[in-house]
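Chemist: Sharing a structure, written as structure tokens. Questions coming.
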Amino acid sequence: MKRTIDISRREPRPSCGHPLSAAFKNSVSRGRSLFTAALLCGALSGCTVGPKYHPPVVQPPAAFKQPPAPPAGAGTWTVAQPQDSKIRGNWWEIFNDAELNSLESQLNINNQNIKVAFENFMQARALIGEARAQYYPTAGTTPAFNRARSSSNLSNTPSANTGKESTIYSLPIDISWAPDLWGRVRNAVHASQYSAQVSAADLENEKLIEQASLAEYFFEIRGQDALIRLYDETISADTQTLNLTQALYDTGIGDYLAVAEAQSTLQSVQAEATNLTIFRAQYEHAIAVLVGKAAPDFSVPVRPLTTAPPSIPIGLPSELLERRPDVAAAERLMAADNARLGIAYTAFYPTLTLSVAGGMQSSPFTRLLDWPSRFWSIGPSISQPLFQAGLTSALHQYVAIYNADVANYRQTILTAFQQVEDSLTATQVLSTQIQQQEQAIASAQKAYDLEMVRYQTGVDPYLDVVVLQNTLLADQQALANLQVEQMSNAVLLVEALGGGWDRTQLPTPKEVSANPPKADTRIQR
């Protein structure tokens, strides 16, 4: 159920945590003035106006919808059983690839996008201190020296110093404090704390995105290596076939057309193999950027893809909301904007300011610090808005922002379920498709072998061999691409499940309010 706020029907009311809050509410109900309520609430120092925050209720589905499992056999890939409900720690380690583990470790340290997100988190933490500073009085001084001479033609004025010179040395101190009567500062601190939590969740989400991208590019390289090896084997076989057709032509058994067709087939495969190096190099360069290295100084060893994706635990749909950092960020954003809405409510209430001024003032400098040179003043002031055209419309702005946050939160959850379901569907479909493709390769290989025998015995022309040879290569290439797609989908499933993160790792408001390490304040050169 969508939660909205209608400010046209809901007046902002103070919420007092002090034991005398009941007395305060009774006094308001008896018709006491807003000014009296302000003084009483200020004395209690426990009132906060604005709506209380309640996260929207979301009912997740009971279970993930999965297509029927593929027939048992080689290449079948299924998800783990519910008892293994969570991916823990460094999620990429479930792929059991030491080289991938090493690259992910470098990414966590050197990735520049992660560093940007980290510095944004540090900035959000610093803003908490700025908001908390409003709890305390402000003090300042403006030392001054003034040398002046009055006009001699002011005889008809009350001034007694006409035509005289004067010197004044001043050493004032001004102190002012606005008590947090209605929770404006408290809401500002809470908003900053929640915003820092949003930034912390964004940092974890950025890490997950970068880590998943690296894993995808890594398996794409492995897939390109597998294709390159396939084409190398095909080139070797085509070379032997060309030598055979040339020998048959030289002995007068075959014709030159077969030689030309064999040459054309070999050269076409060689051209396609050359093109494969482009994609491998691009994926390699992309990984270099992710791990914070210059592309010319980075390389990934050639090693074809030989492993199948691991069994990935998916858990229950209700757990997904606790495992996705983007969902956590969307929820904390609602809390922050709800606090900002409370700040907007305080504009309707009076503001109390306590001011103290004093210091030393003297004409001769040598007497500046003497006790008779002192001066001081003290006094409170209260400001109450009487007419503020458009203020209610301005408050609607914050209500709209909060309601948009609610919609964004629900959309983030829907997208999370969609991504998991997409990956689960691909899990089963790709497993079935890979088995079917392997069967197609076996049939194509058998047909090619039989046709080669018929060609060698002079029954069929070499053109029939070329057709079956191209079919076999296309089937083998399709299988390699499907295997890469399967590994990439495994990475996407892990990413959709939130990796190894859960909401318990999100820092609390107290933790984000703590002073950051001194090393974090250094300027990077």
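Chemist: Take Asp449 and tell me if it is under 24 Å from Leu244 (Cβ atoms), open to solvent by less than 70 Å² (accessible area, probe 1.4 Å) and charged (D, E, K, R).
Modeler: Working: under 24 Å from Leu244 (Cβ atoms): yes; open to solvent by less than 70 Å² (accessible area, probe 1.4 Å): no; charged (D, E, K, R): yes.
For Asp449, the condition - under 24 Å from Leu244 (Cβ atoms), open to solvent by less than 70 Å² (accessible area, probe 1.4 Å) and charged (D, E, K, R) - is not met.
Chemist: Let me ask something else. How many residues are farther than 27 Å from Arg503 by Cα, in contact with a Pro (Cβ under 9 Å, 6 or more places away or on another chain) and open to solvent by 60 Å² or more (accessible area, probe 1.4 Å) if we restrict to segment 87-145?
Modeler: Selection size over segment 87-145: 3.
Chemist: Next question. Scan segment 377-403 residue by residue and report those that are farther than 17 Å from Thr353 by Cα and of a type in the set (A, V, I, L, M, F, W, C).
Modeler: First pass over segment 377-403, keeping only residues farther than 17 Å from Thr353 by Cα: 386-403.
Scanning segment 377-403 gives Leu386, Phe387, Ala389, Leu391, Ala394, Leu395, Val399, Ala400, Ile401.
Chemist: OK, next. Please go through (1) closer than 20 Å to Leu230 by Cβ; (2) in contact with a helix residue (DSSP H, G or I) (Cβ under 9 Å, 6 or more places away or on another chain); (3) part of a helix (DSSP H, G or I) for Ile278 and return the number of the only condition it doesn't satisfy.
Modeler: Among (1) closer than 20 Å to Leu230 by Cβ; (2) in contact with a helix residue (DSSP H, G or I) (Cβ under 9 Å, 6 or more places away or on another chain); (3) part of a helix (DSSP H, G or I), Ile278 violates only (2).
Chemist: I've got another one for you. Can you tell which of Val406, Val356 is touching a residue at least 40 places away in the same chain (Cβ under 8 Å) and within 30 Å of Phe145 (Cα to Cα)? Even if it seems obvious, please write down each step before you answer.
Modeler: Numbers: Val406 fails: within 30 Å of Phe145 (Cα to Cα).
Result of the check over Val406, Val356: Val356.
Chemist: Can you find, within segment 214-271, the residue that is most open to solvent (accessible area, probe 1.4 Å) among those that are among the β-branched types (Val, Ile, Thr), closer than 23 Å to Tyr455 by Cα and assigned to a helix (DSSP H, G or I)? Write out each step before concluding.
Modeler: If we filter segment 214-271 for residues that are among the β-branched types (Val, Ile, Thr), which is where we start, we get 221, 228, 234-235, 239, 241, 245, 251, 253, 259, 265, 269.
Still in the running and closer than 23 Å to Tyr455 by Cα: 234-235, 239, 241, 245, 251, 253, 259, 265, 269.
Imposing the further condition that a residue be assigned to a helix (DSSP H, G or I) reduces the set to 234-235, 239, 241, 245, 259, 265, 269.
Working: Thr234: 18, Ile235: 33, Thr239: 49, Thr241: 10, Thr245: 1, Val259: 0, Thr265: 14, Val269: 7 Å².
Only one residue fits best here, namely Thr239.
Chemist: Against the conditions (1) more than 30 Å from Thr366 (Cα to Cα); (2) surrounded by fewer than 18 Cβ atoms within 10 Å (Cβ to Cβ); (3) touching a Lys or Arg at 6+ places or on another chain (Cβ under 9 Å), where does Ser150 fall short? Just the number, please.
Modeler: Just one mismatch for Ser150, condition (1).
Chemist: Checking the condition in contact with a Phe, Trp or Tyr (Cβ under 9 Å, 6 or more places away or on another chain) and open to solvent by less than 70 Å² (accessible area, probe 1.4 Å), which residue from Ile413, Ile434, Ile441 passes? Steps first, answer last, please.
Modeler: Values: Ile413 fails: in contact with a Phe, Trp or Tyr (Cβ under 9 Å, 6 or more places away or on another chain); Ile441 fails: in contact with a Phe, Trp or Tyr (Cβ under 9 Å, 6 or more places away or on another chain).
Only one candidate qualifies: Ile434.
Chemist: Let me ask something else about it. Taking Gly458, is it open to solvent by less than 70 Å² (accessible area, probe 1.4 Å) and part of a strand (DSSP E or B)? First the steps, then the outcome.
Modeler: Numbers: open to solvent by less than 70 Å² (accessible area, probe 1.4 Å): yes; part of a strand (DSSP E or B): no.
Criteria not met by Gly458.
Chemist: While we're looking at this one, here's another question. Inspect segment 354-366 for any residue being closer than 30 Å to Leu391 by Cβ, within 21 Å of the chain's Cα centre (by Cα) and either modelled with pLDDT of 90 or more or open to solvent by 60 Å² or more (accessible area, probe 1.4 Å) (or both) and give the result as yes or no. Spell out the reasoning first.
Modeler: Kept after step one, since they are closer than 30 Å to Leu391 by Cβ, are these residues of segment 354-366: 354-355.
Cutting the leftovers down to within 21 Å of the chain's Cα centre (by Cα) gives us none.
No, because not a single residue in segment 354-366 is closer than 30 Å to Leu391 by Cβ, within 21 Å of the chain's Cα centre (by Cα) and either modelled with pLDDT of 90 or more or open to solvent by 60 Å² or more (accessible area, probe 1.4 Å) (or both).
Chemist: Residues Ala426, Ala347, Ala404, Ala416: which one is small (Gly, Ala, Ser), at pLDDT below 90 and out of contact with any strand residue (DSSP E or B) (no Cβ under 6 Å at 6 or more places or on another chain)?
Modeler: Ala347
Chemist: State all residues of segment 190-204 that are closer than 21 Å to Ala344 by Cβ and among the small types (Gly, Ala, Ser); if no residue qualifies, say none.
Modeler: Ala191, Ser192, Ser195, Ala196
Chemist: For Gly315, state whether it is open to solvent by less than 30 Å² (accessible area, probe 1.4 Å), assigned to a loop (DSSP other than H, G, I, E, B) and on the phi > 0 side of the Ramachandran plot. Steps first, please.
Modeler: Values: open to solvent by less than 30 Å² (accessible area, probe 1.4 Å): yes; assigned to a loop (DSSP other than H, G, I, E, B): yes; on the phi > 0 side of the Ramachandran plot: yes.
In short, yes.
The values are calculated or read from the model by the stated rules, or taken from the named source; none is laboratory data. Source: prediction; values computed, not measured. In this analysis, Cβ positions are derived from the backbone assuming ideal geometry, glycine residues included, and neighbour counts consider all displayed protein chains. For the accessible areas, the whole protein counts, side chains as well, though only heavy atoms, and no ligand, DNA or RNA atoms are used. Shrake-Rupley method; radii C 1.70, N 1.55, O 1.52, S 1.80 Å.
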